[in-house]
1. Looking at T13, T7, which one is assigned to a loop (DSSP other than H, G, I, E, B) and either touching a Cys at 6+ places or on another chain (Cβ under 9 Å) or β-branched (V, I, T) (or both)?
2. From the set of residues in region 27-53 that are among the hydroxyl-bearing types (S, T, Y) and in a loop (DSSP other than H, G, I, E, B), which is least open to solvent (accessible area, probe 1.4 Å)?
3. Does region 16-26 contain at least one residue that is part of a loop (DSSP other than H, G, I, E, B), out of contact with any Ser or Thr (no Cβ under 7 Å at 6 or more places or on another chain) and at negative phi?
4. List, please: which pairs have Cβ atoms under 8 Å, are six or more places apart or on different chains, and start with a residue in region 108-129 that is within 18 Å of R89 (Cβ to Cβ) and end with one that is outside any helix (DSSP H, G or I) and open to solvent by less than 100 Å² (accessible area, probe 1.4 Å)?
5. Output the number of residues of region 80-127 satisfying the condition of being loosely packed, with under 10 Cβ neighbours inside 10 Å and polar (S, T, N, Q).
6. Inside region 107-138, can you point out the residues that are part of a loop (DSSP other than H, G, I, E, B) and over 14 Å from E84 (Cβ atoms)?
7. Counting only residues that are more than 12 Å from the chain's Cα centre (by Cα), of a type in the set (A, V, I, L, M) and not in a helix (DSSP H, G or I), which one in region 54-86 is modelled with the highest pLDDT?
8. Just to be sure before I move on: is A30 within 25 Å of E138 (Cβ to Cβ), over 18 Å from the mean Cα position of the chain (by Cα) and among the aliphatic types (A, V, I, L, M) in the structure I sent?
Amino acid sequence: MKTYTGTKTINATPMTRGEYNALRGWTLPADEDGNDEGYLVEYTDGGKANHPDFAGYISWSPKGVFERAYSPVLPAYQQRVVDEAGELRHRIAKLTDFIAADKSFSSIPAEEQARLKRQLVAMNEYLLIINDRIGAFE
C-alpha cells in the first residue's frame, strides 16, 4: 500500500458509535461499544449519498482519529486570534531563552534587564487573555 495525505472540507457533528448505528438502522455488533465517542461525518465533495437525510456520503469516525485529522474552520477574526497566539508563544519562548540562557543578557544594564522581565510578564498575561478568548470560541 502507498501512503497518502489528503485535505477535505467536511460537515461533522459529535455522535457516539451507537447513535450512528441507530441512525443507519443497523444493529450494533456485539464486539463494539455503542458509547464510543466519535463524529458523524458528511462528505460534501462527491460520493453518492448513502442516507436519505443527507446530501453527501456519511460515515462515522472515532473521536481520536477525527480530531487528529480535522480542525474546525474558524471565522477570519477568530483565526487571526489563533495565529496571534502562536506568534506570541514563539516570541515568549525567544525572550525566555534570552533572559535565562543568553550570556549577553547579564551585560545589559540592570534597568533594561528589569524592563525585559516586565515585558515577559506582560506578554504572558496577554497570552492568557488570548487563550481565554480562544477558549470561548464555539
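The values are calculated or read from the model by the stated rules, or taken from the named source; none is laboratory data. Values in this document were obtained by computation on a predicted structure and should not be read as measured data. Ideal geometry is used to build each Cβ from the backbone, glycine not excepted, and the neighbour counts take in all protein chains shown. Remember, those area values only see protein heavy atoms, side chains included, never the ligands or the DNA or RNA. Shrake-Rupley method; radii C 1.70, N 1.55, O 1.52, S 1.80 Å.
1. Numbers: T13 fails: assigned to a loop (DSSP other than H, G, I, E, B).
The match here is T7.
2. It comes out as T44.
3. Yes, that holds for at least one residue.
4. L116/I108
5. Adding up the residues that qualify gives 3.
6. Selection gives I108, P109, A136, E138.
7. Taking the candidates together, the pick is I58.
8. No; evaluated as a whole, the condition is false for this residue.
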